[in-house]
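I have placed the structure first, in the form of structure tokens, so that the comments after it can refer back to it.
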Amino acid sequence: MTYGYRPVVLTSSQPGQTLSDGIAFCEIKSWITGSRLVSLPFSDHAQPLLSESGKIPDLVAWLQAARSRFGWKYVELRPASTQAEWSPALETTQSFWLHSLSLEPQIEQLFLNTHKSSIQRRIRHAEREHLEYERGASRELIDHFFELLIKTRKRHRLLPQPQSWFWNLMSEMSPDAEIRLARKGGIPIAAILTLRHRGTV
């Protein structure tokens, strides 16, 4: 919507049937890098939703045929994890760390499980500073989040996504999409955008 990419969803389910699997892509056309299919742009990871690992070879075969048919330079998948059943036709180009935290234990136990100097000390410091916390999807929170994002991206020498991208995300996915903002003395000092799906944030 924001970038004008054409969405493409690949599934083995027949028309009219309940979806049993799927991989979401965006077709990106660029005169610099050529046409390609990416799952998904601006996402750290987008795990293919497959009910059976045995379907992977069929899906890869379709992608190979479609790549030739539509003239895509390549197809890029960003799975959170790779499996032994992945087709040998897929090649690993980059790999990254994925950090996750189980929220099932009580909050006291979660705190004790964190690193003493890098996490616990900072949490104690935040408590002493009497930071304020707010969450939601209001335009004000999005504006504060975007101001902090610009500062962070500038420090890393990276371009930020357009602010309209975050507005569209919130309007389409709220209340499962939220901005979580911390203030000190009424001034925003930290923020994070979270997405929730069932029991995962």
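Segment 83-142 and segment 152-198 have their alpha-carbon centroids 15 Å apart. Accessible surface calculations at 1.4 Å, restricted to protein heavy atoms, place segment 66-201 at 81 Å² per residue. Taking the charge dipole of the chain about its Cα centre, with +1 at Lys and Arg Cβ atoms and -1 at Asp and Glu Cβ atoms, the residue from Ile107, Pro57, Pro162 reaching farthest to the positive side is Pro162. Label-to-label distance for His45 and Glu104 is 1.8 nm, based on points extended 7 Å past Cα in the beta-carbon direction.
Of all GluC sites (Glu not before Pro) in segment 87-150, which ones are in loop regions per DSSP and have a Cβ with at most 13 other Cβ atoms within 10 Å? Before the final figure, lay out each step's value.
Details: sites: Glu91, Glu108, Glu127, Glu129, Glu132, Glu134, Glu140, Glu147; in loops: Glu91, Glu129.
For GluC sites (Glu not before Pro) across segment 87-150 that sit outside H, G, I, E and B with at most 13 neighbouring Cβ atoms in 10 Å, the list reads Glu91, Glu129.
What is the gain in length, in nm to one decimal, between Arg67 and Ser171 on full extension, counting 0.36 nm per residue of separation less the C-alpha to C-alpha distance?
On the way: separation 104, 0.36 × 104 = 37.44 nm, distance 3.28 nm.
Length difference between fully extended and current span is 34.2 nm.
When the Gaussian network model of the chain links Cα atoms closer than 10 Å, the mean-square fluctuations of Trp165, Trp72, Trp31 top out at Trp31. For segment 70-201, the relative contact order works out to 21 percent when only alpha carbon pairs closer than 8 Å and six or more residues apart are counted.
Comparing mean-square fluctuations of Gln14, Gln163, Gln64 from a GNM of the chain with C-alpha springs under 10 Å, the top value falls on Gln14.
Approximating the spin labels as points 7 Å out from Cα along Cα→Cβ, the Leu158-to-Leu195 distance works out to 1.6 nm. Estimated purely from DSSP H runs of n ≥ 4, each contributing -39500 (n - 2.57), the mean residue ellipticity at 222 nm for the chain is -9000 deg cm²/dmol once divided by its residues.
Tell me which label goes with the value of Rg/Rh (Cα atoms, Kirkwood Rh) computed from the coordinates here: (1) 1.01; (2) 0.96; (3) 1.07. Here Rg/Rh (Cα atoms, Kirkwood Rh) agrees with entry (1). Across the options Ser118, Ile192, Phe146, the greatest Cα extent toward the positive end of the charge dipole of segment 87-201 (unit charges at beta carbon of Lys, Arg, Asp, Glu) belongs to Ser118.
Comparing Ala65, Ala137, Ala46 in a Gaussian network model of the chain where C-alpha atoms under 10 Å apart are linked, the largest mean-square fluctuation is found at Ala65.
Note down the relative contact order for segment 142-201 as a percent, whole number, built from C-alpha pairs under 8 angstrom at least six residues apart. Write out the running numbers ahead of the final one.
Working: 52 pairs, mean separation 18.5, N = 60.
The value is 31 percent.
Here the gap between Tyr133 and Arg6, fully extended at 0.36 nm per residue and compared with their Cα-Cα distance, gives a gain of 42.0 nm.
At a 1.4 Å probe radius, carbon and sulfur cover how many percent of the accessible area of segment 64-199?
Working: 5820 of 10920 Å².
C and S fraction of accessible area: 53 percent.
Taking 7 Å steps out from each Cα toward its Cβ at Arg124 and Leu149 produces label points 3.5 nm apart.
The values are calculated or read from the model by the stated rules, or taken from the named source; none is laboratory data. These numbers were taken from a predicted model, which means no experiment stands behind them. Methodologically, a virtual Cβ is constructed for each residue, glycine included, from the backbone with ideal geometry; neighbour enumeration extends over all protein chains shown. The area values use the complete protein model at the heavy-atom level, side chains included, leaving out ligands, DNA and RNA. Shrake-Rupley method; radii C 1.70, N 1.55, O 1.52, S 1.80 Å.
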